[in-house]
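The values are calculated or read from the model by the stated rules, or taken from the named source; none is laboratory data. Keep in mind the model is a prediction, meaning the values are calculated, not measured. Virtual Cβ from ideal backbone geometry, glycine too; neighbours counted across all protein chains shown.
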Amino acid sequence: MRQALRFVVGLVLGLALLTWITTILVQKTTRRWAVNDVHLRAQLVVNGARQVLADHWRKDQSNELRNTLTEIARDDRIMAVAACNADTSLLASTKDFPSKFSCAELSDHVRPFTDAPKDMWSAWDQPDSLPGGSVHVSAIPVFDGDRPLGFLVLVHDLSYAEHREARTQQFVLLAFGFLAVAASAVTLLAGRLSWRSWSDELRRLARGEAPKQAEFRPILRDVRELVDRLMVERETEMEGGAWTPQRLKLTLKRHLQGERVVIVANREPYIHETQRDGSIKVLHPASGLVTALEPVVQACSGVWIAHGGGSADRETADKNGRIRVPPGEESYLVRRVWLSKEEEQGYYYGFSNEGLWPLCHIAHARPVFRSEDWRYYQAVNQKFANSVCEEVDSADPIILVQDYHFALAPRLIRERLPRATVIMFWHIPWPNSERLGICPWRKELLEGMLGSSIIGFHTQSHCNNFIDSVDRFLEARIDREQNAVVQGGRSTLVRPYPISLEWPVHWLKTAPSPEACRAGVLAELGLKPDALLGVGVDRLDYTKGIEERFLAVESLLDRHPEFRGRFTFVQLAAPSRTLIERYHQLNESVEQLATRINERFAKDTYRPIILLRSHHEPPTVFRYYRAADVCYVSSLHDGMNLVAKEFVAARDDEHGVLVLSQFTGAARELTEALIVNPYDIEEASSALATALNMSPDEQRERLRSMRVFLAEFNVYRWAGRMLVDAARLRRRERLTGRLAVHLVESSSS
Ligand code: F6P
């Protein structure tokens with residue numbers, strides 16, 4: 001509005017200047033017209049009386065001449081007339097001829113044309129003024145044949161022209177005044193209307209609605225960016241530098257000039273399964289990888305490329321295998337890759353889970369490597385790399401390759417997208433180089449992984465194992481200062497990035513209170529309200545130490561009889577990789593062990609171990625976490641183990657105790673848990689007893705400290721740190737690329 005007012009003031013000043021100039025022009029033009037007019041009239045009058053004048057002049061009849069001049073002066077525009085001889089003496093004049101215009105006075109002006117030949121003569125005109133107003137004086141020569149007799153001086157009244165000028169000036173002023181008022185009013189009105197439409201649009205933008213006018217779209221983008229930035233800055237200030245989805249998004253945008261990441265992972269975040277009644281159910285798989293990555297891809301609105309393994313996956317995706325998720329929110333894209341039974345068998349069950357999984361975990365399962373599985377592993381890695389190339393939207397995309405299923409993918413992607421930023425994260429432990437030597441294709445695996453820009457592990461010791469393996473099996477330079485492997489001039493950083501959870505965990509938003517969870521779970525399990533409850537949540541996998549866990553429960557009841565009949569351990573066990581023989585055996589042995597222990601301590605309805613062997617959706621899992629007095633994570637070897645972190649996250653009531661295996665990555669971070677060696681059954685059972693006897697204050701103190709840690713070291717930080725490192729690397733590569741070009745240019749010149 002202030003702008004509009006400024007414009008109006010400028011407009012009025014401009015119009016005033018224009019009016020002034022116009023008035024002067026109008027005045028001059030009107031005067032010129034008037035002078036022309038009187039001059040013409042004078043010519044006409046004199047021409048009409050020329051003969052009579054010449055007669056009187058020649059006969060020197062001054063009285064008759066005066067009468068004729070008086071006749072001429074009857075014209076209402078002619079005030080006075082005088083007849084001057086050629087020698088400039090006055091011959092006759094009307095009565096009130098002003099002395100100011102004497103013949104002698106005018107002779108200087110008249111002589112040049114009275115002396116000139118007749119056909120060149122013309123009148124002399126001069127505006128002047130008298131006390132009564134402005135006049136115009138003109139001199140017109142009079143001839144007798146060719147002989148000049150003298151000249152007539154006519155004084156014309158120009159006051160009528162003055163009136164006309166004054167009226168025209170008034171009109172001009174009025175017209176311009178009107179124009180100024182109208183233009184100001186229109187400007188102010190337009191300003192007001194556009195202000196209103198701007199503020200309406202801005203209000204719409206602020207409410208998050210789409211703008212109606214297309215020209216507002218760039219502003220919407222800018223405003224959103226600004227709001228995002230302010231929010232991130234504010235949040236960062238308030239939370240002492242905490243990572244949030246917004247901060248992650250901004251990091252991606254600011255450092256990597258992109259908003260979208262492409263994630264490659266074998267397991268998809270949403271599985272569509274056909275139920276017995278023909279309906280389709282969406283399942284969240286039991287996978288730490290999915291738990292961690294889902295919030296990241298949601299924040300970055302990217303694409304998740306995964307094996308479409310659900311029985312209703314094909315019918316719920318489009319013809320390209322794409323589907324928008326999460327159901328109902330549709331904030332990112334899942335691209336399903338279809339695998340044949342043989343491919344799934346060879347690549348997933350065979351090479352990945354019978355070969356690499358036991359190779360990387362110290363859990364005493366023998367790795368099996370078959371050349372046929374290896375061929376499928378290669379083919380499926382190529383298939384996923386092709387899908388990546390179909391999904392990227394630039395020549396230098398950001399691609400996050402996940403886990404041991406895709407050791408070859410980074411190199412295959414790099415071959416087709418040399419400028420891509422490929423970050424590979426290995427979610428399970430990396431073995432020492434001696435153990436890696438078991439694998440017949442160790443070199444190919446290492447070469448494949450080194451196609452990445454960054455390789456991440458959960459712990460520094462896994463990074464060290466990887467670098468030692470490269471050192472042992474490949475021709476490559478190890479940059480120990482940078483923790484990088486340099487091959488063919490390209491660096492791959494090898495860094496620890498301990499994975500974590502979103503914070504706060506979104507499942508808690510809808511979770512019942514811990515009291516309600518406890519009451520509900522105890523009732524469901526048929527336990528007394530004062531029962532003590534332990535919980536374990538795992539895929540049925542031999543690395544999770546489920547047998548050792550049950551043995552620790554047995555030992556607890558053995559050594560602490562006070563807990564018999566009171567303490568129950570419930571194990572949520574999701575069936576996993578069931579086509580593999582070792583997993584079959586595990587199923588049976590776990591079942592048998594639970595039965596044996598239950599039989600040993602059974603009393604009335606009391607059974608110390610409840611084994612729930614089925615898939616449980618996250619809301620159920622979180623209800624169990626919130627109901628339990630103790631959670632025991634007894635992995636024999638685990639990259640991180642997010643169950644431990646989920647239990648801590650679930651306990652916003654700061655009640656409950658975590659007993660945690662020292663062989664998990666989580667044990668390095670959650671140091672306030674009761675850390676145990678799961679192989680040491682007595683030690684573990686003592687830890688369970690300590691947990692069950694722990695005072696509420698100590699429980700609170702331990703949980704509070706771990707929760708503070710998780711709030712800060714959340715999964716956005718995990719992804720953010722990798723992306724920031726990738727951005728640094730990208731900048732460095734661009735710089736060295738430019739430098740190399742520069743050196744080539746200068747050496748050739
Ligand atoms: O965290 C290790 C991991 O193997 C993930 O890669 C995987 O998603 C999860 O465990 C569950 O295993 P699977 O996908 O074979 O069921």
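Condition check ((1) without any contact (Cβ under 8 Å) to a residue 12 or more places away in the chain; (2) more than 30 Å from Arg192 (Cβ to Cβ); (3) of a type in the set (S, T, N, Q)) across all residues:
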{"residue": "Lys28", "(1), (2), (3)": "yes, yes, no"}
{"residue": "Val35", "(1), (2), (3)": "no, yes, no"}
{"residue": "Gln51", "(1), (2), (3)": "yes, yes, yes"}
{"residue": "Ile72", "(1), (2), (3)": "no, yes, no"}
{"residue": "Ala92", "(1), (2), (3)": "no, yes, no"}
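If you take the residues of the range 608-630 that are over 20 Å from Arg702 (Cα atoms) and part of a loop (DSSP other than H, G, I, E, B), which of them is farthest from the chain's Cα centre (by Cα)?
Pro608
Output yes when any residue across the range 353-364 is assigned to a loop (DSSP other than H, G, I, E, B), crowded, with 19+ Cβ neighbours inside 10 Å and more than 14 Å from the ligand (Cβ to nearest atom), and no when none is.
No: zero hits.
Going by the conditions given, is Lys281 assigned to a strand (DSSP E or B) and either away from the ligand (no atom under 14 Å from the Cβ) or farther than 26 Å from Val643 by Cβ (or both)?
yes
Would you confirm, using the coordinates I've provided, whether Leu527 is over 30 Å from Gly310 (Cα atoms) and surrounded by 14 or more Cβ atoms within 10 Å (Cβ to Cβ)?
yes
Is it true that some residue in the range 294-301 is over 32 Å from the mean Cα position of the chain (by Cα) and either farther than 30 Å from Lys249 by Cα or within 16 Å of the ligand (Cβ to nearest atom) (or both)?
no
In the list Ala594, Ala573, which residue meets the criterion of being surrounded by 16 or more Cβ atoms within 10 Å (Cβ to Cβ), within 16 Å of the ligand (Cβ to nearest atom) and closer than 18 Å to Tyr624 by Cβ?
Result of the check over Ala594, Ala573: Ala573.
How many residues does the range 333-342 hold that are crowded, with 19+ Cβ neighbours inside 10 Å and out of contact with any Gly (no Cβ under 6 Å at 6 or more places or on another chain)?
Within the range 333-342, residues that are crowded, with 19+ Cβ neighbours inside 10 Å and out of contact with any Gly (no Cβ under 6 Å at 6 or more places or on another chain) number 3.
Has the range 559-570 got any residue that is touching a residue at least 12 places away in the same chain (Cβ under 8 Å), within 16 Å of the ligand (Cβ to nearest atom) and either touching a strand residue (DSSP E or B) at 6+ places or on another chain (Cβ under 6 Å) or in the same structural domain as Arg267 (by TED's automatic domain parsing) (or both)?
Checking the range 559-570: not a single residue is touching a residue at least 12 places away in the same chain (Cβ under 8 Å), within 16 Å of the ligand (Cβ to nearest atom) and either touching a strand residue (DSSP E or B) at 6+ places or on another chain (Cβ under 6 Å) or in the same structural domain as Arg267 (by TED's automatic domain parsing) (or both).
So Leu53 passes all but one of these: (1) over 21 Å from Pro148 (Cβ atoms); (2) in a helix (DSSP H, G or I). Which condition number does it fail?
With respect to (1) over 21 Å from Pro148 (Cβ atoms); (2) in a helix (DSSP H, G or I), Leu53 is out only on (1).
Which residue, of Leu579, Leu586, Leu551, is modelled with pLDDT of 95 or more and within 30 Å of Leu400 (Cα to Cα)?
Being modelled with pLDDT of 95 or more and within 30 Å of Leu400 (Cα to Cα) holds for just one of Leu579, Leu586, Leu551, which is Leu579.
On the basis of being touching a strand residue (DSSP E or B) at 6+ places or on another chain (Cβ under 6 Å), away from the ligand (no atom under 16 Å from the Cβ), of a type in the set (A, V, I, L, M, F, W, C) and touching a residue at least 60 places away in the same chain (Cβ under 8 Å), does Ile438 make the cut?
Taking the combined requirement at face value, the residue does not satisfy it.
A quick yes/no check of all residues on (1) under 33 Å from the mean Cα position of the chain (by Cα); (2) under 29 Å from Pro561 (Cβ atoms); (3) not assigned by TED's automatic domain parsing to the domain that holds Leu289:
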{"position": "Gln662", "(1), (2), (3)": "no, yes, yes"}
{"position": "Ala667", "(1), (2), (3)": "no, no, yes"}
{"position": "Thr671", "(1), (2), (3)": "no, no, yes"}
{"position": "Tyr679", "(1), (2), (3)": "no, yes, yes"}
{"position": "Leu723", "(1), (2), (3)": "yes, no, yes"}
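Considering only the range 631-663, state which residues are under 19 Å from Arg704 (Cβ atoms), in contact (Cβ under 8 Å) with a residue 60 or more places away in the chain and not in a helix (DSSP H, G or I).
Residues satisfying the conditions are Cys631, Arg651, Asp652, Asp653, His655.
What residue, among those in the range 641-652 that are within 14 Å of the ligand (Cβ to nearest atom) and within 32 Å of the chain's Cα centre (by Cα), is surrounded by the most Cβ atoms within 10 Å (Cβ to Cβ)?
Lys645
Name the one entry in Glu344, Glu273, Glu329 that is within 16 Å of the ligand (Cβ to nearest atom), outside any strand (DSSP E or B) and among the acidic types (Asp, Glu).
Answer to the check: Glu344.
If Asp538 satisfies every condition in (1) away from the ligand (no atom under 16 Å from the Cβ); (2) under 30 Å from Phe369 (Cβ atoms); (3) acidic (Asp, Glu) but one, which is the exception?
Result: Asp538 passes all but (1).
Give the number of residues within the range 415-435 that are more than 27 Å from the chain's Cα centre (by Cα), closer than 21 Å to Ile467 by Cβ and either within 16 Å of the ligand (Cβ to nearest atom) or in contact (Cβ under 8 Å) with a residue 24 or more places away in the chain (or both).
9
Looking only at the range 332-341, which residues are within 16 Å of the ligand (Cβ to nearest atom) and hydrophobic (A, V, I, L, M, F, W, C)?
Matches in the range 332-341: Val334, Val337, Leu339.
Residues are listed down the side, and each one gets a yes or a no for (1) within 14 Å of the ligand (Cβ to nearest atom); (2) over 20 Å from Leu289 (Cα atoms); (3) among the polar types (S, T, N, Q):
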| position | (1), (2), (3) |
| --- | --- |
| Trp374 | no, yes, no |
| Ala379 | no, yes, no |
| Asn386 | no, yes, yes |
| Cys389 | no, yes, no |
| Asp396 | no, yes, no |
| Ile399 | no, no, no |
| Tyr404 | yes, no, no |
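Output the residues belonging to the range 302-322 that are in a strand (DSSP E or B) and either within 16 Å of the ligand (Cβ to nearest atom) or surrounded by fewer than 20 Cβ atoms within 10 Å (Cβ to Cβ) (or both).
Trp304, Ile305, Ala306, His307, Arg322 - these are the residues of the range 302-322 that are in a strand (DSSP E or B) and either within 16 Å of the ligand (Cβ to nearest atom) or surrounded by fewer than 20 Cβ atoms within 10 Å (Cβ to Cβ) (or both).
Would you be able to tell me the number of residues in the range 256-269 that are modelled with pLDDT of 95 or more and crowded, with 21+ Cβ neighbours inside 10 Å?
Count: 7.
Kindly indicate the residue of the range 597-640 that is among the acidic types (Asp, Glu) and farther than 18 Å from Trp507 by Cβ and also nearest to the ligand (Cβ to nearest atom) among those meeting that condition.
Among those that are among the acidic types (Asp, Glu) and farther than 18 Å from Trp507 by Cβ, it is Asp638.
Restricting attention to the range 92-114, does a residue exist that is assigned to a strand (DSSP E or B) and either surrounded by fewer than 14 Cβ atoms within 10 Å (Cβ to Cβ) or modelled with pLDDT of 80 or more (or both)?
Looking for residues that are assigned to a strand (DSSP E or B) and either surrounded by fewer than 14 Cβ atoms within 10 Å (Cβ to Cβ) or modelled with pLDDT of 80 or more (or both), one finds at least one in the range 92-114, hence yes.
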